[in-house]
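Enquirer: Mind looking over this structure? Questions follow.
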Amino acid sequence: MNQKGFAPILVIGIIVAVIVIGTGGFYVSKQNEGSPTESSAINEPTNGTPIEKQSETQKTTTAPEPTPTSAITKEPDTVPQSACSRIFSPQYGAGPQYTGPLFDAHFHLPSFLDYTKITGAGHDGINFNSVTSPILDKDIMLADIICTLKKEKVRGIIGFGIGSEEVTTETLQSAKSIRQRAAEFIHIFLSPVGFSATALENIQISNAGLLGGYGELSFGFGGGLQPNQYPDDQNFLDVYKVAGKYDLVMMIHIGAQQQNRIENVLQKNPSTKFLFHGPESENFIHTIIGKYPNAYYSIDAMLIRLPGAPGALMYMVNSKDE
């Protein structure tokens, strides 16, 4: 082959080589753009947060961080009326049980008022705490009381409330609040201790229908009255007269050996309805209720009394469970 014939062939070969090399470089470049390596994915996360690069032998799987949310995302769910926040689970024996409706004739309500916040109410120095002196709607909610009682098929209660003349306005406000929320369920009895008969009558005149009676006046063991106070003392006779005048029930826990005094009370107040209870009067209560039509007796205190408790043991149980 002469030199002139070889030159064209050499030129063609060079052109082909240039095309092949250029095409291969374009292909490799496109592969790198379309398939980023794992290192580039770690170094450039989608959320823009820098993360330290790890080697293949050090890589660990990390759970994604939770998405931040506000502290309250919705209104709290309302507790159904059938659900009580305080759980009460009595244990029953194997024998037959009464399953019908009940009426609780003796229920001491928590304190109407937070006396620790009231000055000049005559309660300085008293140790109020949530166990021995709970405060209504603070330590124990009224809704919980009603819910638990209704769960046991209680259809109503006589609820005793404590107040004092020095804080009459606050006492009545609390009583009215209870009345508004449980008018047909709780029959409010105001303890007359701490009130004069005149103050009680003024309360009744201004708040007709608020109270169902007065009580509890406890002359029994462990009662709140002084040992030298008796049911037929004049200050109590004045209260009984107000109760009779406005058709309010007078509730009394009779002390031991007080039959004559109780009969004196009944004779002087024939128009006043008296509701008695307490084991100390079991020896003579049959005579009382049989002789005076305005005398009534509740057996509530006897149904839960244990052996050894004072009284004639008209009713007795052998254990707390029974």
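Enquirer: For Glu166 and Gln229, what is the calculated FRET efficiency with R₀ set at 25 Å and r taken between the beta-carbons, to the nearest 0.05?
Expert: So the FRET efficiency works out to roughly 0.80.
Enquirer: Hey, rough spin-label estimate for His286 and Lys153, points 7 angstrom out along Cα→Cβ, what's it come to in nanometres?
Expert: A separation of 3.0 nm, rounded to one decimal place.
Enquirer: Set the bar at 32 Å for Cα to Cα. Now go through Lys241/Lys291; Lys151/Lys245; Lys150/Lys273 and name every pair that lies beyond it.
Expert: Lys151/Lys245
Enquirer: In debye, nearest 20, what is the charge dipole magnitude of region 198-298 about its Cα centre with +1 on Lys and Arg Cβ and -1 on Asp and Glu Cβ, if you could check?
Expert: It comes to approximately 220 debye.
Rule-based calculations on the coordinates, nothing more; no lab input. None of these values were measured; they are calculated from a predicted model. For neighbour counting, all protein chains shown are included, and Cβ atoms are generated from backbone atoms with ideal geometry for every residue, glycine included.
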